[in-house]
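As structure tokens, the structure follows; a few thoughts come after it.
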Amino acid sequence: MMVTSQKLTTDGVVHGFFGRAFGRSKGLFASLNGSKFVGDDALCVQQNLDIVKCELNAFRIVTLKQMHDRACIIVDSGTESDMEADAMITKATDVAIGVLSADCAPILLVDEENRIVGAIHAGWKGLVSGVIETTINKMSGLYGEPGKIKAAIGPCIHKDSYEVSEDFPRKFIKADAYFSKMNSKTHFDLPAYCKHRLMRAGLIEGNIDVLDVDTYANPKSYFSYRYAGQNTGGICGRNISAICLRQR
């Protein structure tokens, strides 16, 4: 039902990168769609979020209206869902924070010593805008230290599947290492670039896990916006990735 990272498997923290199986949604949203903003039945989405909440044994779950930007909010025990942002951090216990993706990279974070967790929705626009740096800075502001933060980059589109236009690399600065030619076409290595930005924000390389799951190459297991665009008119659900601090 979900995959986890050994980097984040620690006392007092639960997390999961969920695929599209075992939910309540139907049709092109089948079945564990976590987004309220893609045209799915609202009741089905709420049931899906409840499934994730129960799987993580959380009291409640908070998700966002994601904007492909750099905004990061601090979640407390009373924060409501659907605020406009692409990342969250929290020190509140038993509150799961979840980001939604369908090829973009979900990144979950934990500073075990300082009891802070975070969740980032990292598409290319958010990465260029600085969503990772904004989030790490906010975590550090809550008595965290970048060098103590561990991160896992979850299922997303990988280099072999991510063909981009010839002018796409111009949107980035000093990122040539993350573009390559495959069959004369330009491809972008999204998870590797996420790892680069995490390290630039102060994380230690050994504290970063990259899960080897390509959403585009596994459309039966994960929602993929690019796959849907080529096969089902671009309509699809969103995978949810969530993390929760537990009371000790």
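The numbers here are math on the coordinates, done by the rules we state, and not lab data. Here the structure is a predicted model, which means the values were calculated and not measured. For neighbour counting, all protein chains shown are included, and Cβ atoms are generated from backbone atoms with ideal geometry for every residue, glycine included.
For the residue pairs Lys91/Lys150; Lys91/Lys174; Lys36/Lys220; Lys7/Lys125; Lys138/Lys159; Lys91/Lys138, the alpha carbons lie more than 23 Å apart in Lys91/Lys174; Lys7/Lys125; Lys138/Lys159.
Grab the beta carbon distance between Asn231 and Thr93, set R0 = 41 Å, and tell me the FRET efficiency rounded to 0.05. It comes out at approximately 0.45. Taking N as the residue count of the stretch 34-93, its C-alpha radius of gyration divided by 2.2 N^0.38 Å amounts to 1.15. Can you tell me the relative contact order of the stretch 2-245? Whole percent, Cα pairs under 8 Å, sequence separation 6 or more. Taking the mean separation of contacting Cα pairs over the length of the stretch 2-245, I get 26 percent. Hey, with R₀ at 25 Å, roughly what FRET efficiency would Arg200 and Thr10 work out to, going by the Cβ-Cβ distance, to 0.05? Efficiency, from the Cβ-Cβ distance: 0.55. From a point 7 Å beyond the Cα of Ala192 in the direction of its Cβ, which residues of the stretch 146-164 have a backbone N at a distance under 11 Å? Those under the cut-off are 159-160. As a rough guide to protection, the peptides 12-24, 39-51 ranked by mean Cβ packing within 10 Å, highest first, stand as 12-24, 39-51. Considering only Ser221, Ser25, Ser184, give the residue with the highest GNM mean-square fluctuation for the chain, with springs between Cα atoms whenever their separation is below 10 Å. Of Ser221, Ser25, Ser184, the most mobile in the Gaussian network model is Ser184.
Within the P(r) computed for the stretch 2-245, what percentage of the Cα pairs occupies the region above 34 Å? For the stretch 2-245, the share of Cα pairs beyond 34 Å comes to 10 percent.
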